[in-house]
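What follows is one structure encoded as structure tokens, with my remarks underneath.
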Amino acid sequence: MTTIASSAALSAPRRARRYMDRKSLVPLLLFIPPALILFVVLVVLPMIDAASFSFFDWTGYGPMTDFVGFENYDDVLSHRHFGTAVRNSLLVIAVSLLVQLPLAMWVSLALVEKRWSVNVIRTLFFLPYMLAEIAAGLIWKFVYDGNYGIIPTVGDAIGVEMPFVLGDKFWVMPAIMLVIVWKYFGFHMMIYIAGLQSIPSEVIEAARLDGVKKWQIVRHIKLPMIWGSIVISVFFSIIGALQLFDLVIPLSNGGPNNSSHTIVTFLYQFGILRMKLGFGGAVSVMLFIACVVITVIYRRLLFSREVD
């Protein structure tokens, strides 16, 4: 009797678990197939098409018949402006990591308190991120305009002749970097604020009662406890910098003299606009491989530390 009772007691939870598993399958079967179909149609198939384009000399019209193998990849690597595009993308990553994210962290530490006045300031800092990239680019193009913009107006007011920022090879990339920092630092600020507000207030109060200084609380308590938020923010910055496109096109369109291209604007200018879909496909495949490699390395190095 004891054995039978014990077996019944053990089998009951198993049946319950199986029953719960069956119930959980219902929403999975309802919601996963549509999402999976959209992912395959809108992401996987275009990636496969781009990879197939890269092996043909194709203009986008008619069948792909002129197979050229890896010639498009060789053309990309030997293109005189591809190195500039890669350098600019790496420069965007550097500015994002060294300027944008520290600025976002500093502002988030100053605005972490829950007060209505602080909420207003947070909203003002977050508003640029809510603007569409094209709209933000057009706004700043007017600001930088050498004839009618705000910068030459300020220069005339103080008696200084200001350069045509977007028409100067030296100034065009710093001008774009300023717009990038202005546009996206509010997004990272909100990520950090969410992480900081999740820290138990008792931990901070205990440190203050022990006489720990503010900078020590930030360094030894707050930053380690929001490491997950920092990891996500850095990842978004790197991948976003590699995919930068919408801000550059309205601001400089890759100019002057193709000096402000990123990898994606290079793809657009020399692949799509010039009807060299095979060339553009090669650039897209190389960019995709770079993003995958960075994601894998980043996950192994930083996400593993977060788990530990």
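In debye, nearest 20, what is the charge dipole magnitude of the chain about its Cα centre with +1 on Lys and Arg Cβ and -1 on Asp and Glu Cβ, if you could check?
Working: 24 positive and 19 negative charges, 305 e Å.
The calculated dipole for the chain is roughly 1460 debye.
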task = Using amide H atoms built 1.01 Å from N in the peptide plane, name the residues 5+ places from Phe56, or on other chains, whose amide H lies under 5 Å from its own.
result = Val68
inquiry  = Within 10 Å of each candidate Cβ there may be at most 11 other Cβ atoms; applying that plus a DSSP loop requirement, which trypsin sites (Lys or Arg not before Pro) in segment 153-214 survive?
reply    = Lys213
message = Give me the 1.4 Å probe accessible area per residue for the chain, excluding ligands and nucleic acids, in Å².
response = 61
MRE, 222 nm, helices only [DSSP H, n ≥ 4, -39500 (n - 2.57), over the chain, to nearest 500] = -21500 deg cm²/dmol
request  = May I ask for the longest run of the chain untouched by GluC sites (Glu not before Pro) that are loop-located per DSSP and have at most 12 neighbouring C-beta atoms (other than their own) within 10 Å?
outcome  = 162-308
query = So how much slack lies between Val43 and Thr59, counting 0.36 nm per residue of separation and subtracting their Cα-Cα distance, in nm?
reply = 3.6 nm
request  = On the protein heavy atoms, probe 1.4 angstrom, tell me the percent of accessible surface of segment 81-307 carried by carbon and sulfur.
outcome  = 68
Pairs of lysines in segment 81-307 (C-alpha under 24 Å apart; 8 or more residues apart or interchain) = 9
key: Entry for Cα Rg over 2.2 N^0.38 Å (calculated from the structure that is shown) out of (1) 1.10; (2) 1.22; (3) 1.35   = (3)
inquiry  = So for the chain, averaging the separation of alpha carbon pairs under 8 Å that are six or more residues apart and normalising by length, what relative contact order in percent results?
reply    = 28
ask   = Helix hunt in the chain: which complete DSSP H runs extend at least 15 Å axially by C-alpha with mean Kyte-Doolittle at least 0.0?
value = 2-39, 82-95, 116-130, 133-144, 169-197, 227-242, 277-298
ask   = Which value, in Å² rounded to 10, gives the accessible area of Ser237 with a 1.4 Å probe and all protein chains present?
value = 10
key: Among Gly271, Gly280, Gly155: highest mean-square fluctuation, GNM of the chain, C-alpha pairs under 10 Å   = Gly155
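The values are calculated or read from the model by the stated rules, or taken from the named source; none is laboratory data. No experiment lies behind these values; they were computed from the predicted model shown. As a convention, Cβ positions derive from the backbone with ideal geometry for all residues, glycine included, and neighbour counts pool all protein chains shown. Note: accessible area is taken over every heavy atom of the protein model, side chains too, but ligands, DNA and RNA are not part of it. Shrake-Rupley method; radii C 1.70, N 1.55, O 1.52, S 1.80 Å.
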